[in-house]
1. Looking at Glu68 and the list (1) over 16 Å from Ala205 (Cα atoms); (2) surrounded by fewer than 21 Cβ atoms within 10 Å (Cβ to Cβ); (3) of a type in the set (Asp, Glu), which single condition is not satisfied?
2. Find the residue count for segment 167-176, including only residues that are open to solvent by less than 50 Å² (accessible area, probe 1.4 Å) and over 20 Å from the mean Cα position of the chain (by Cα).
3. Only one of these conditions is not met by Pro129: (1) surrounded by 15 or more Cβ atoms within 10 Å (Cβ to Cβ); (2) at pLDDT below 95; (3) away from the ligand (no atom under 16 Å from the Cβ). Which number is it?
4. Out of Val231, Val251, I need the residue that is out of contact with any Cys (no Cβ under 6 Å at 6 or more places or on another chain) and in a loop (DSSP other than H, G, I, E, B). Which one?
5. Can you pull out every residue in segment 172-185 that is more than 12 Å from the ligand (Cβ to nearest atom) and acidic (Asp, Glu)?
6. Looking at Ala54, Ala64, which one is part of a helix (DSSP H, G or I) and either free of Cβ contacts under 8 Å to residues at least 12 places away in the same chain or more than 16 Å from the ligand (Cβ to nearest atom) (or both)?
7. Filter segment 356-384 down to residues that are open to solvent by less than 10 Å² (accessible area, probe 1.4 Å), assigned to a loop (DSSP other than H, G, I, E, B) and not β-branched (Val, Ile, Thr) and give me whichever is farthest from Leu321 (Cα to Cα).
Amino acid sequence: MSNSPTIYMDYAATTPMDKRVVDAMSPWWGDFVGNASSLQNAHGQMAKRAIDKAQNQIADAIGADKDEIIFTSGATEANNMVLLGLAEHLKSEGRTHIVTSKTEHASVLMPAMQLMRTGFDVAFSTLLPCGMADGKDVLAALNENTGLVSIQAVNNETGVINPLDEVKAGLMGTDILFHCDAAQALGKAPFNVKDTGVDFATLSAHKVYGPQGIGALYVRREVQSYLKPLVYGGGQQGGLRSGTLPTALIVGFGEACAIAVAEQSADKQRFENYHQIIRSALDKAQVTYKINGHDHGKDSTLWRVPNIMNICFEGVENEWLLEAIQGFAFSTGSACSANGNKTSHVLEAIGCTATEVNSSIRLSFGRMTTEQEIQRVATELAQVVSSLQELTQAA
Ligand code: PMP
C-alpha cells in the first residue's frame with residue numbers, strides 16, 4: 001500500500017477498500033441521492049435498484065436468496081441480533097440451552113453472557129489442540145433444551161477453519177437453530193449457507209475490502225419469524241432492522257462480495273505463497289517459533305486460511321516486538337477489542353500458556369499486499385526475532 005507509514009499487516013482487523021469498490025460507491029456520495037424507502041420518486045427507486053443489485057451480489061456470494069440478507073452496521077450487530085433477537089422465541093419454546101465455543105468473537109460471547117444473566121444456560125464446546133472447535137464435542141454438548149448452536153467459520157486470531165460440516169451432520173433432523181459467524185470466511189474460505197446448513201450467518205464488509213459500517217445477517221427465510229428486532233423504527237427490512245438503508249455502503253458491500261467470489265481462489269494461492277515466504281525466512285534464520293492454531297487439523301488437509309498467521313516466538317515478549325519492529329504494522333492479543341492490551345481469550349482457550357500468549361503476534365495480509373512487502377516483512381521479522389532470541393539465550 002503506497003503512502004503508508006509502515007507495511008500494513010493487520011488485514012484481519014480491517015481491510016483497505018478495493019479501488020473498484022470505491023469507484024462503485026462514489027456516485028452515491030453526491031451525484032446520486034435517494035432513500036430506498038421513498039419509492040414515490042425516481043431517486044428513491046434508483047437507490048432501491050442499486051440496493052437490490054448489491055443484495056443479490058451478497059446473497060450470491062454465500063448461496064442465499066436476496067430477501068434472506070438483512071443489513072446491519074457490521075458483524076457485531078449481526079451477532080447480537082441473532083443471540084439477543086432469538087431469546088424470546090427460545091424462551092417461549094423452553095429451549096434455553098445454547099452451545100458455542102470459547103474462541104468465538106466477543107460479539108458472540110458477550111451477548112451469550114447477557115443471555116446467561118437472563119436465565120439461559122451456555123455450554124462451551126472444547127477445542128482440539130489445533131484450535132478447531134471439536135465437532136463431536138459440540139454435538140455431545142447438546143441436550144433436549146438446546147435451541148441454538150453458534151460456531152464461527154474462521155477464527156479471526158488464528159485463521160483456523162471450523163468443521164461446520166460435522167456440526168451440520170449432527171444437527172440434521174433436529175430443530176436446533178444453527179448460527180455461524182462467517183465474518184472472516186467471506187472471500188477467504190469456501191462458505192455457502194446451503195452446504196453448511198446454517199439458519200443464520202454473519203458477514204462484515206470491512207473484512208472483505210468493502211466499507212466499514214456495514215454488515216449483514218443471513219436469515220434463512222423459514223426462520224425469519226423467530227427473530228425479534230433489536231432496532232425498531234420505520235419498519236425497513238421487513239421490520240427486522242429499521243433505519244434508512246445506507247446506499248453507498250451497501251453498493252460497496254455488494255461490489256466487494258462480487259470481487260471476492262471472482263478472486264477468492266487466486267487470492268488464496270498468493271496468500272499461501274506469502275505464508276511460506278515468511279516461514280522460510282524464520283526457518284532460515286533459525287528462529288524458534290510455533291504457529292498458534294496449527295496448520296493441519298484432524299486430518300492432513302489444511303484447516304486454516306493462509307492470510308492469518310498467529311506466531312509464538314519463544315522467549316520474546318510481543319511488547320518488545322511492538323517496540324523493535326519499525327517497518328510493518330501487526331497486532332498482539334485480542335486485536336478486535338477496544339482494550340488493545342487485553343490478553344487473547346482465543347489463545348488461552350486453545351491451551352497456550354500465559355507466557356506463550358504474551359510471546360505471540362498476529363500477522364495478516366491481503367489483496368493489496370505485494371510479494372516485495374512480504375519479503376521485507378519476513379526479513380525484518382526474522383532479523384529482529386533472531387537477535388532477541390540470541391540475547392535472551394545469552395542472558
Ligand atoms: N466476528 C469476527 C470473527 C470478527 O473477526 C469481527 C471483527 N474483528 C467481528 C465479528 C466484528 O466485526 P465488525 O467490526 O464488523 O463489527
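The values are calculated or read from the model by the stated rules, or taken from the named source; none is laboratory data. Here the structure is a predicted model, which means the values were calculated and not measured. Cβ: placed from backbone, ideal geometry, glycine included. Neighbour counts: every protein chain shown. Protein only, heavy atoms only, side chains kept; ligands, DNA and RNA dropped before computing areas. Shrake-Rupley method; radii C 1.70, N 1.55, O 1.52, S 1.80 Å.
1. (2)
2. Step one: list which residues in segment 167-176 are open to solvent by less than 50 Å² (accessible area, probe 1.4 Å), which gives 167, 170-171, 176.
Within this subset, residues satisfying the condition of being over 20 Å from the mean Cα position of the chain (by Cα) are 170-171, 176.
Total meeting the criteria: 3.
3. So Pro129 meets the others, but not (1).
4. On the way: Val251 fails: in a loop (DSSP other than H, G, I, E, B).
Of the residues listed, the single one that is out of contact with any Cys (no Cβ under 6 Å at 6 or more places or on another chain) and in a loop (DSSP other than H, G, I, E, B) is Val231.
5. Just the residues of segment 172-185 that are more than 12 Å from the ligand (Cβ to nearest atom), to begin with: 172-178.
Asp175 - this is the single residue of segment 172-185 that is more than 12 Å from the ligand (Cβ to nearest atom) and acidic (Asp, Glu).
6. Details: Ala64 fails: part of a helix (DSSP H, G or I).
When all the criteria are applied, what remains is Ala54.
7. Taking the candidates together, the pick is Gly366.
Conditions tested, residue by residue: (1) of a type in the set (Val, Ile, Thr); (2) assigned to a loop (DSSP other than H, G, I, E, B); (3) modelled with pLDDT of 95 or more; (4) within 16 Å of the ligand (Cβ to nearest atom).
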| site | (1), (2), (3), (4) |
| --- | --- |
| Val138 | yes, no, no, no |
| Leu142 | no, yes, yes, no |
| Gly170 | no, no, no, no |
| Gly187 | no, yes, no, yes |
| Phe191 | no, yes, yes, yes |
| Val198 | yes, yes, yes, yes |
| His206 | no, no, yes, yes |
| Gln212 | no, yes, yes, yes |
